[in-house]
Amino acid sequence: MNDSEKTTLLNKEEEYLQLKKAVETMKLGVTISNTKGEILYTNPADAHMHGWEPDELIGKDVRIFATTKKLQPWKMDQVMKWKGMTRESNNITRNEESFPVRLISDIVRNAEGFPIAVVTICEDITESKKLEQELKESEEKLRQTQKMETIGRLAGGVAHDFNNLLTAINGRCDLLLRKLNKSDPIYGELKEIRKAGGRAASLTKQLLTFSRQQIIEPRILNLNKVIEDVREMLQRLIGEDIILNTEFEDNLFIKADSNQIDQILMNLAVNSRDAIHNGGKLTIKTYSYTIHEDEIIGHVESLSPGNYAVIDVTDTGSGMSKDTISRIFEPFFTTKKVGKGTGLGLATVYGIIKQSNGGIEVDSQ
């Protein structure tokens, strides 16, 4: 071997070492297999990604990473279809834990052009999939919020106009009642009209609450004390066959209207009561929670970073479908039989919480 050949050989060896070092230190997984699907080489990133050491994988079937156990015979023709194509799949670790990956494969050929090996680059995309899901959920929450905003504006406008009509109707009715004797034949009829007008006014008030147009008087409140003060009333609402549990974190203070907090608790308690059959449990928990700047995505309706007090209400009642959950805060939406509910209970809860600069989240199993 002459000096020129030695120099060429040394240069190629240097190139090989540099390439090997680059592949060995890559964060992406690299696996080389022969045409039979047997692993010839795998870099540390690929091996560790799957819970192995590199030398443990030499000679093993490359499909050891596959999630399915019913493997078809290795076909190079199938691999040829993947040439240069990026695809997403799920791989498994040594402990058979599945995780999402992005793969791209290419064929290595000899001087005659025949395939002699397959190189596959593997990227663990667990975090990007998680972020993708969080973004999807965040977008869905945004759409839901925008829908509720639109419904709120519509409900508020209707409620104001309807309230003006009711004021005139109820006012005239009161004047007539004062002028008539109770023995008058139409006195009873007017009394019923006034009762109906009162119920209509109550519904209008709830619509105004939903649309966040009700006048409120916020002040600093001890949240736990507010709940304790209405505990006896809540127990009467849900009945003796439902156990009411409370779990409080100490020293929780909020700025809100106490009457509205009472209304939230009562509406949620009634909703739980109607979902529980033949006895059960209603639990009300309070705790503090901090939303940081870097974790806003995925949080309730994109609340601003800061400290929040949480009222967590859970019950052992029957669950809800996804379709029901997506609509439960809409005014007049109800799953109850005709005459059993107005469909404004949870809409009122939603309006109060939004008017108090909070957020609400629902989960059902």
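The values are calculated or read from the model by the stated rules, or taken from the named source; none is laboratory data. Given the structure is predicted, the values throughout are model-derived calculations rather than measurements. Neighbour counts run over all protein chains shown; Cβ positions are idealised from the backbone, glycine included.
Mind listing just one residue for me: the one in segment 1-20 that is among the charged types (D, E, K, R), surrounded by 10 or more Cβ atoms within 10 Å (Cβ to Cβ) and more than 25 Å from Pro115 (Cα to Cα) and, of those, modelled with the highest pLDDT? First the steps, then the outcome.
Taking segment 1-20 as the starting set, the residues that turn out to be among the charged types (D, E, K, R) are 3, 5-6, 12-15, 20.
Retained after the next criterion (residues that are surrounded by 10 or more Cβ atoms within 10 Å (Cβ to Cβ)): 6, 12-15, 20.
In the following step, the residues that additionally are more than 25 Å from Pro115 (Cα to Cα) were identified as 6, 14.
Numbers: Lys6: 54, Glu14: 68.
Among them, the one singled out is Glu14.
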Long-range neighbours under 9 Å by Cβ, at least six apart or interchain, first residue within 23 Å of Ala45 (Cα to Cα) and touching a residue at least 60 places away in the same chain (Cβ under 8 Å) within segment 114-135, second among the acidic types (Asp, Glu) and assigned to a helix (DSSP H, G or I): Thr120/Asp46; Ile121/Asp46; Cys122/Asp46
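Does at least one position in segment 268-284 carry a residue that is among the polar types (S, T, N, Q), modelled with pLDDT of 80 or more and within 20 Å of Asp229 (Cβ to Cβ)? Full working, then the answer.
If we filter segment 268-284 for residues that are among the polar types (S, T, N, Q), which is where we start, we get 271-272, 278, 283.
In the following step, the residues that additionally are modelled with pLDDT of 80 or more were identified as 271-272, 278, 283.
Restricting the remaining residues to those that are within 20 Å of Asp229 (Cβ to Cβ) gives 272, 283.
Yes; the residues of segment 268-284 include at least one that is among the polar types (S, T, N, Q), modelled with pLDDT of 80 or more and within 20 Å of Asp229 (Cβ to Cβ).
Can you find a residue in segment 178-194 that is assigned to a helix (DSSP H, G or I) and either closer than 25 Å to Val349 by Cα or among the β-branched types (Val, Ile, Thr) (or both)?
In the first step, residues of segment 178-194 are kept if they are assigned to a helix (DSSP H, G or I); the result is 178-179, 187-194.
This time we only want the ones that are either closer than 25 Å to Val349 by Cα or among the β-branched types (Val, Ile, Thr) (or both), so: 193.
Yes; the residues of segment 178-194 include at least one that is assigned to a helix (DSSP H, G or I) and either closer than 25 Å to Val349 by Cα or among the β-branched types (Val, Ile, Thr) (or both).
Just checking, does segment 71-82 include any residue being among the basic types (Lys, Arg), at pLDDT 85 or above and either assigned to a loop (DSSP other than H, G, I, E, B) or touching an Asp or Glu at 6+ places or on another chain (Cβ under 9 Å) (or both)?
The first filter runs over segment 71-82 and keeps only residues among the basic types (Lys, Arg), leaving 75, 81.
Keeping just the survivors that are at pLDDT 85 or above gives none.
Scanning segment 71-82, I find no residue that is among the basic types (Lys, Arg), at pLDDT 85 or above and either assigned to a loop (DSSP other than H, G, I, E, B) or touching an Asp or Glu at 6+ places or on another chain (Cβ under 9 Å) (or both), so the answer is no.
Report yes if some residue within segment 209-217 is in a helix (DSSP H, G or I), modelled with pLDDT under 70 and either assigned by TED's automatic domain parsing to the domain that holds Thr286 or of a type outside the set (A, V, I, L, M, F, W, C) (or both); otherwise report no.
Of segment 209-217, the ones in a helix (DSSP H, G or I) are 209-210.
Okay, now just the ones that are also modelled with pLDDT under 70, so 209-210.
If we keep only those that are either assigned by TED's automatic domain parsing to the domain that holds Thr286 or of a type outside the set (A, V, I, L, M, F, W, C) (or both) as well, we get 209.
Yes: one or more hits.
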Which members of segment 195-206 meet the condition of being in contact (Cβ under 8 Å) with a residue 24 or more places away in the chain and either buried (at least 16 other Cβ atoms within 10 Å of the Cβ) or of a type in the set (A, V, I, L, M, F, W, C) (or both)? Gly197, Ala200, Ala201, Leu203, Thr204, Gln206
